[in-house]
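Engineer: I have a structure here, written as structure tokens, and I will follow up with some questions on it.
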């Protein structure tokens, strides 16, 4: 080896060594946000746009704002295939990553959420099951590390009944009306039943429950029963292929689509496009706006896709589930910001981020600053209320796009909150949990 | 008492009182049964010719439908996309014969079965890699308006599906009974060694039978994909074909049809009339119970070949 080669090697080694402390310092100033995603498997069509929205917003925060309080956001995806067992493995794999461990887990599955709730309380890593998971977790006294804001299935079910009452000309007109619930035969699908049963007793409508087994590719008998029952309204708690088939079958029996309302997991483009024109008029609940007409979308287009709209659309930009991923990521970022206001602008532990989640106060002004004015509704989380019982809007498919057809509908807090507290107390008793006191 | 009524004679009374609705349930059951038969046929063809239970048949349904809709999304006209998809399925059959079946000649059936599980995972990943994971709308022009026949509502799409299914069975029957290749297929199915001894090329036969199974998968994929959109879940439709196979027998084309019709009507009647008494969602497992009941009396299935072994 000649002198020249030795010199080059020596310089290379010095250069490499000199970067070590720098990269180590950089790594120390990172906040690790794990991403449980499902980009493969039967539910991938829903998992991909959501994961893309979440990923893009995290990248936007780094690219546009330089992170949160100068702390860079680092993400890592773990593929769950929407499988509970794999989801738990992902949690175990990712919970210790980053200089301070995982910030907050977004399980993206009610099944995974149920499994992670006890673990997260031990590991002191918060879980944000945004609009899904265990509804009772809205009671922060029993579930200090689980959050399900902005609103839950029970709140949504009560908002649906309010919407139906409004369309029928008043809540008193619900008496004698027939409502059918077509639901995924799983813990998720059964979530609205207690609320709908309670409201049936209160308002006097008739309720028929129709379970559809996974995956829900064949629903002829369900819709034959609807033909026989002749309901005034059909509510659906579906998921995956069940949604597409239900919309198609409803059209096949000439059921009026503007009297068919899906849960917010039954209201994406994927759920209506296969049915073609038959899906026109179909309704679905939501807690955020559809489309890409908000300033945050312009920012995403500019910073993530360099203005290339075709590329952005190829990554689901502006689709319903993409937007939901963006909303989820925004909640995480704003919780981090709130946590930094309490504990300082540095990488934070899960326990510290939990404080931020409980202090989260998204005002209308703050949403406007984020470019999301009208995109989601303001909310304020507290130690006592991890749900906030946020309002729900109804959107309608016109054959090409989703549009709002209602104002924000406030859930029936007087009905839902006592149910939440009762269920949380039962959970606490069953699991030997002493509820904490919220000041 | 109310529960007992709902579980026993209550539904029978309802059937008697509302015969038109019963006719609607039965007709929809029959039409759904044809759709099950379409999937079951693919299994039967391969099992009949090679004794292999093709675990990948469900994924072949998905793969063929993905290929068709993928080509159509790239601007290929429907007829050309259909032809190209058939070509893709034939090429796939040739590759399967060369890479999977030929090296495993004379291996136990369980080894071949395991290889089809591998094929399932490969085709799932390969299909998604090439055509993506989004739900794709498939519209090949089959009308889908509801039709009221004397108070009985049926979907015109389902009627078309039944007609296409029936045509396919007739074509397959002619193919098996009247053509030299069909006769060769039956010879191979009856006895591999004897067929080889009279000069029937086993490899060619395998390619032919996997190609035909691929085309049957394409027809099933079009029918099911038009209903639900083309997506990963399409591969799970194979689960609906299993009770049909158990009931109809793994080696009988008419068995797949009759089995499908019995399962279709049986599960719909059970779900609509007895389901509500037990919370619903009974049709999936009821289909298997029905199939197992038949097995008690005919272990080889309704039309399966009776196995006689000399000892």
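Engineer: Starting from segment A:359-376, keep only residues that are more than 18 Å from residue A:407 (Cβ to Cβ), then list their pairs with residues that are surrounded by fewer than 15 Cβ atoms within 10 Å (Cβ to Cβ) whose Cβ atoms are within a distance under 8 Å, requiring at least 6 positions of separation or different chains.
Structural biologist: Close Cβ pairs (under 8 Å, with a partner that is surrounded by fewer than 15 Cβ atoms within 10 Å (Cβ to Cβ)) amount to A:359/A:341; A:359/A:342; A:360/A:380; A:361/A:380; A:362/A:380; A:371/A:295; A:371/A:298.
Engineer: The conditions are (1) modelled with pLDDT of 95 or more; (2) surrounded by fewer than 22 Cβ atoms within 10 Å (Cβ to Cβ); (3) not in a loop (DSSP other than H, G, I, E, B), and residue A:96 fails exactly one of them. Which is it?
Structural biologist: Of the numbered conditions (1) modelled with pLDDT of 95 or more; (2) surrounded by fewer than 22 Cβ atoms within 10 Å (Cβ to Cβ); (3) not in a loop (DSSP other than H, G, I, E, B), the odd one out for residue A:96 is (3).
Engineer: Are any residues in segment A:118-133 out of contact with any helix residue (DSSP H, G or I) (no Cβ under 6 Å at 6 or more places or on another chain) and in contact (Cβ under 8 Å) with a residue 24 or more places away in the chain, and if so, which ones?
Structural biologist: Answer for segment A:118-133, where residues must be out of contact with any helix residue (DSSP H, G or I) (no Cβ under 6 Å at 6 or more places or on another chain) and in contact (Cβ under 8 Å) with a residue 24 or more places away in the chain: A:118, A:119, A:120, A:121, A:123, A:128, A:131.
Engineer: When you scan segment A:144-163, do you find a residue that is surrounded by fewer than 23 Cβ atoms within 10 Å (Cβ to Cβ) and in contact with a strand residue (DSSP E or B) (Cβ under 7 Å, 6 or more places away or on another chain), even just one?
Structural biologist: Scanning segment A:144-163 turns up at least one residue that is surrounded by fewer than 23 Cβ atoms within 10 Å (Cβ to Cβ) and in contact with a strand residue (DSSP E or B) (Cβ under 7 Å, 6 or more places away or on another chain).
Engineer: Is there a residue being within 14 Å of chain B (Cβ to nearest Cβ) and under 19 Å from residue B:276 (Cα atoms) anywhere in segment A:163-179?
Structural biologist: no
Engineer: Please state which one of A:219, A:115 is free of Cβ contacts under 8 Å to residues at least 60 places away in the same chain and within 14 Å of chain B (Cβ to nearest Cβ).
Structural biologist: Being free of Cβ contacts under 8 Å to residues at least 60 places away in the same chain and within 14 Å of chain B (Cβ to nearest Cβ) holds for just one of A:219, A:115, which is A:219.
Engineer: Scan segment B:232-268 residue by residue and report those that are within 9 Å of chain A (Cβ to nearest Cβ) and either buried (at least 21 other Cβ atoms within 10 Å of the Cβ) or in contact with a helix residue (DSSP H, G or I) (Cβ under 6 Å, 6 or more places away or on another chain) (or both).
Structural biologist: Across segment B:232-268, the qualifying residues are B:232, B:233, B:234, B:235, B:237, B:240, B:264, B:267, B:268.
Engineer: Check segment B:74-86 and report whether any residue there is farther than 23 Å from residue B:187 by Cα and within 14 Å of chain A (Cβ to nearest Cβ).
Structural biologist: Within segment B:74-86, not a single residue is farther than 23 Å from residue B:187 by Cα and within 14 Å of chain A (Cβ to nearest Cβ).
Engineer: Yes or no: segment B:291-298 includes at least one residue that is on the phi < 0 side of the Ramachandran plot and either within 14 Å of chain A (Cβ to nearest Cβ) or crowded, with 23+ Cβ neighbours inside 10 Å (or both).
Structural biologist: No, that holds for no residue.
Engineer: Go through B:217, B:189 for me and flag whichever is touching a helix residue (DSSP H, G or I) at 6+ places or on another chain (Cβ under 9 Å) and either at pLDDT below 90 or within 14 Å of chain A (Cβ to nearest Cβ) (or both).
Structural biologist: B:189
Engineer: Please enumerate the residues belonging to segment A:72-93 that are at pLDDT 95 or above, surrounded by 22 or more Cβ atoms within 10 Å (Cβ to Cβ) and more than 18 Å from residue A:327 (Cα to Cα).
Structural biologist: Across segment A:72-93, the qualifying residues are A:80, A:87, A:90, A:91.
The values are calculated or read from the model by the stated rules, or taken from the named source; none is laboratory data. Being a predicted model, the structure only gives us computed values, none of them experimental. FYI the Cβ positions are ideal-geometry reconstructions off the backbone, even for glycines, and counts take in every protein chain you see.
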